[in-house]
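Peer 1: Got a structure for you, questions after.
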Amino acid sequence: MKLLLACALLITAGCAGPAASQEVAAPGVVDACLPAVKGFAISTDADGKPLPKGTNASGGQDPHTLTGPSTATMADHSIHAVEGAAPKLPVDVKSCDGKQIQVKDASRIIAVDLYGTLAEIVFSLGLGDKVVGRDTSTGFPEAASLPKVTPSAHDLNAEAILALDPTVVLTDKSIGPPEVLEQLRASGVAVVFFDDARTMDNIPSQIRAVAGALGVPERGEQLVRRTQDEIVKSLGLAPAAAKPLRMTFLYVRGSAGVYLMSGPGSGADAMIKSIGGVDTGTDIGLTKPFVPLTSEALIRSQPDLIIVMTEGLKSLKGVDGLLKLPGIAQTPAGQHRRIVDMNDTELLSFGPRTGRTVEALAKAVYTP
């Protein structure tokens with residue numbers, strides 16, 4: 001599985017896709033491009049109170065002295081859906097590509113993006129029984145039996161989608177090709193684009209936008225509150241250490257010869273911050289979400305710990321293979337084999353299960 005490869009490569013050159021309109025949605029129209037909630041679950045809790053500094057999840061041991069690899073695993077991978085009133089449709093939606101779309105029927109939903117976020121939100125809103133297909137990135141148990149509409153990596157297949165007779169398709173510019181989505185619209189399918197940003201601050205906006213587009217805004221608010229509470233509890237696991245760990249996220253696919261280092265806006269930077277670490281890509285001055293990995297950048301970064309996706313690590317035949325990449329052996333992370341891997345479909349989804357993601361990652365980092 002080549003998770004994140006498509007957009008990671010596009011990001012290095014400037015990820016192309018439908019541009020979000022800057023116009024404000026008309027009254028009574030749901031905006032699929034709601035602005036991010038600044039500081040969501042990072043600086044304050046749901047009541048606006050400052051978050052606790054954290055407890056030392058390593059039981060008092062200095063995390064810089066830990067050695068060896070570990071895997072971050074959620075204690076619970078399942079979707080826990082909220083309940084509420086039935087969808088109120090039709091809904092007029094200002095799609096993120098600037099077009100106004102009317103969602104008349106949400107009885108057959110397909111939600112697709114590079115990270116599996118949109119499908120996770122739909123299922124968490126209690127509309128999973130209305131979903132008729134999935135993408136490669138949608139990996140939670142409840143969706144496992146659904147047919148894939150991305151038979152080749154992350155490329156959408158128009159025929160596969162139309163064969164499922166969807167009434168609405170939810171997507172963003174992280175997945176394509178754009179021609180397929182235009183073909184769906186030409187066939188009469190309501191296609192709504194959402195913001196493709198994957199950050200902590202963007203989680204409530206995404207949930208509210210999807211809930212609004214599907215006619216269940218009250219369920220959306222309920223899900224936002226629950227997600228906030230779970231994230232707040234998980235953030236408390238980050239140790240209040242005087243010297244935080246320096247962490248580097250690498251996107252690697254040995255079979256495809258793809259080796260990328262993350263920077264600001266990658267999503268990995270927000271996840272690293274959430275567990276009390278310093279994102280080295282941002283710290284050394286990278287200006288793009290992903291850049292080709294170089295030994296010079298790694299040595300300059302001097303990470304104490306390297307985070308990778310599980311399938312990426314497997315593609316290199318494990319930790320020993322990763323350590324053979326130029327520059328890694330010259331870092332504290334390489335010298336101490338401090339490599340943390342996590343499921344490809346969970347690490348950067350930034351959806352309703354993010355609290356569980358943060359918890360799993362913090363425990364793998366501080367209690368390996």
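The values are calculated or read from the model by the stated rules, or taken from the named source; none is laboratory data. Keep in mind that this is a model prediction, so the values were computed, not measured. Glycine also receives a Cβ, built like all others from the backbone with ideal geometry; neighbour counts cover every protein chain displayed.
Peer 1: Among Ser174, Ser145, Ser137, which is the only one that is in contact with a helix residue (DSSP H, G or I) (Cβ under 6 Å, 6 or more places away or on another chain), of a type in the set (S, T, N, Q) and either buried (at least 20 other Cβ atoms within 10 Å of the Cβ) or in a loop (DSSP other than H, G, I, E, B) (or both)? Walk me through it before giving the result.
Peer 2: Working: Ser145 fails: in contact with a helix residue (DSSP H, G or I) (Cβ under 6 Å, 6 or more places away or on another chain); Ser137 fails: in contact with a helix residue (DSSP H, G or I) (Cβ under 6 Å, 6 or more places away or on another chain).
None of the others qualify; the one that does is Ser174.
Peer 1: Further question on the same structure: At positive phi and of a type outside the set (Ser, Thr, Tyr): does that describe Ala153? Let's see the steps before the verdict.
Peer 2: Numbers: at positive phi: yes; of a type outside the set (Ser, Thr, Tyr): yes.
For Ala153, the condition - at positive phi and of a type outside the set (Ser, Thr, Tyr) - is met.
Peer 1: In the stretch 204-242, what residues are of a type in the set (A, V, I, L, M), surrounded by fewer than 24 Cβ atoms within 10 Å (Cβ to Cβ) and not in a helix (DSSP H, G or I)?
Peer 2: Those that are of a type in the set (A, V, I, L, M), surrounded by fewer than 24 Cβ atoms within 10 Å (Cβ to Cβ) and not in a helix (DSSP H, G or I): Leu237, Ala240, Ala241, Ala242.
Peer 1: For the stretch 290-300, what are the residues that are in contact (Cβ under 8 Å) with a residue 40 or more places away in the chain and surrounded by fewer than 24 Cβ atoms within 10 Å (Cβ to Cβ)? It would help to see each step written out before you state the result.
Peer 2: Within the stretch 290-300, the subset in contact (Cβ under 8 Å) with a residue 40 or more places away in the chain is 290-293, 298.
Within the stretch 290-300, Val291, Pro292, Leu293 meet the criteria.
Peer 1: Conditions first: (1) in contact with a strand residue (DSSP E or B) (Cβ under 7 Å, 6 or more places away or on another chain); (2) part of a helix (DSSP H, G or I). Leu164 passes all but one, so which condition is the exception?
Peer 2: Leu164 satisfies all of (1) in contact with a strand residue (DSSP E or B) (Cβ under 7 Å, 6 or more places away or on another chain); (2) part of a helix (DSSP H, G or I) except (2).
Peer 1: Specify which of the listed residues (Leu118, Leu156, Leu146) is under 21 Å from Pro204 (Cα atoms) and not assigned by TED's automatic domain parsing to the domain that holds Leu347. Steps first, please.
Peer 2: Details: Leu156 fails: under 21 Å from Pro204 (Cα atoms); Leu146 fails: under 21 Å from Pro204 (Cα atoms).
Being under 21 Å from Pro204 (Cα atoms) and not assigned by TED's automatic domain parsing to the domain that holds Leu347 holds for just one of Leu118, Leu156, Leu146, which is Leu118.
Peer 1: Then there's this: Quick check: anything in the stretch 265-288 touching a strand residue (DSSP E or B) at 6+ places or on another chain (Cβ under 7 Å), in a loop (DSSP other than H, G, I, E, B) and buried (at least 23 other Cβ atoms within 10 Å of the Cβ)?
Peer 2: Checking the stretch 265-288: at least one residue is touching a strand residue (DSSP E or B) at 6+ places or on another chain (Cβ under 7 Å), in a loop (DSSP other than H, G, I, E, B) and buried (at least 23 other Cβ atoms within 10 Å of the Cβ).
Peer 1: Give the residue, chosen from Pro151, Pro204, that is outside the structural domain of Ile272 (by TED's automatic domain parsing), under 22 Å from the mean Cα position of the chain (by Cα) and without any contact (Cβ under 8 Å) to a residue 40 or more places away in the chain. Working first, answer last.
Peer 2: Details: Pro204 fails: without any contact (Cβ under 8 Å) to a residue 40 or more places away in the chain.
Testing whether each residue is outside the structural domain of Ile272 (by TED's automatic domain parsing), under 22 Å from the mean Cα position of the chain (by Cα) and without any contact (Cβ under 8 Å) to a residue 40 or more places away in the chain leaves just Pro151.
Peer 1: While we're here: Against the condition modelled with pLDDT of 95 or more and among the β-branched types (Val, Ile, Thr), how does Val24 come out, does it pass?
Peer 2: No, not satisfied.
Peer 1: Has the stretch 324-340 got at least one residue that is outside any loop (DSSP other than H, G, I, E, B), of a type in the set (Gly, Ala, Ser) and crowded, with 18+ Cβ neighbours inside 10 Å? Please lay out each step first, then the result.
Peer 2: Kept after step one, since they are outside any loop (DSSP other than H, G, I, E, B), are these residues of the stretch 324-340: 328-330, 332-335, 339-340.
Now drop any that are not of a type in the set (Gly, Ala, Ser), which leaves 329, 333-334.
Filter once more, so that each one left must be crowded, with 18+ Cβ neighbours inside 10 Å: 333-334.
Yes: one or more hits.
Peer 1: Being at pLDDT 95 or above and among the hydroxyl-bearing types (Ser, Thr, Tyr) is the filter; apply it to the stretch 311-353 and report the residue that is nearest to Thr71 (Cα to Cα).
Peer 2: Among residues in the stretch 311-353 that are at pLDDT 95 or above and among the hydroxyl-bearing types (Ser, Thr, Tyr), the one nearest to Thr71 (Cα to Cα) is Ser315.
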